[in-house]
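Notes to accompany the following structure.
The values are calculated or read from the model by the stated rules, or taken from the named source; none is laboratory data. Note that the structure is predicted; figures quoted are calculated from it, not measured. Cβ placement follows ideal geometry from the backbone for every residue including glycine, while neighbour counts extend to all protein chains displayed.
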């Protein structure tokens, strides 16, 4: 019964991953930003086929990005954090001690991927206090205007069935590892139960022998 459950769970996870990988990537904006003591500046921008960064988990208070249409409506809005903390380890060859810490940066380069909209006009960035820090004109990438060939980046990932087939062996390997890992745990559990039963049986025979002596 338990084996049937783990097989069903493995198949469900496999199909879920397969469905995600089978999704076609869409066109996205790729922005290279620079943060310097609270100020944002644009280093480079382009479009390509790919996947936008996940927006499932967003900070309660962070930088806000708004994608505005030619009519001024908000097409996309999300919050994000700029990675300004660097965690490091330091080894002292004399004492053999390993220490670590956190370094807070004043400036950093940051790449951001955003879903593409054919009627987008600008992408605006606001700091946690709501102050506009950067406005990027993206009207040149609109389908109503001519896109410069030099600003379109090459595709990064294969799409559709091709991308799915590339990752299929990896998914099969993960499914097999999950299945046989569970089988190994179940076998070990049964062996422990058998060992406990044998110990209990020996104890009962020992007690029975001691009580049968005159």
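Conditions tested, residue by residue: (1) modelled with pLDDT of 50 or more; (2) under 20 Å from residue 67 (Cβ atoms); (3) assigned to a helix (DSSP H, G or I).
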position	(1), (2), (3)
147	no, yes, no
154	yes, no, no
158	no, no, no
166	yes, no, yes
169	yes, no, yes
174	yes, no, yes
180	yes, no, yes
187	yes, no, yes
197	yes, no, yes
Conditions (1) closer than 22 Å to residue 25 by Cβ; (2) at pLDDT 95 or above: number failed by residue 57: (2)
Elements of type strands (runs of 3 or more DSSP E) contained in the stretch 21-140, each with 3 or more residues being outside the structural domain of residue 172 (by TED's automatic domain parsing) and surrounded by 12 or more Cβ atoms within 10 Å (Cβ to Cβ): 26-36, 39-50, 63-69, 74-80, 107-115, 120-126, 132-137
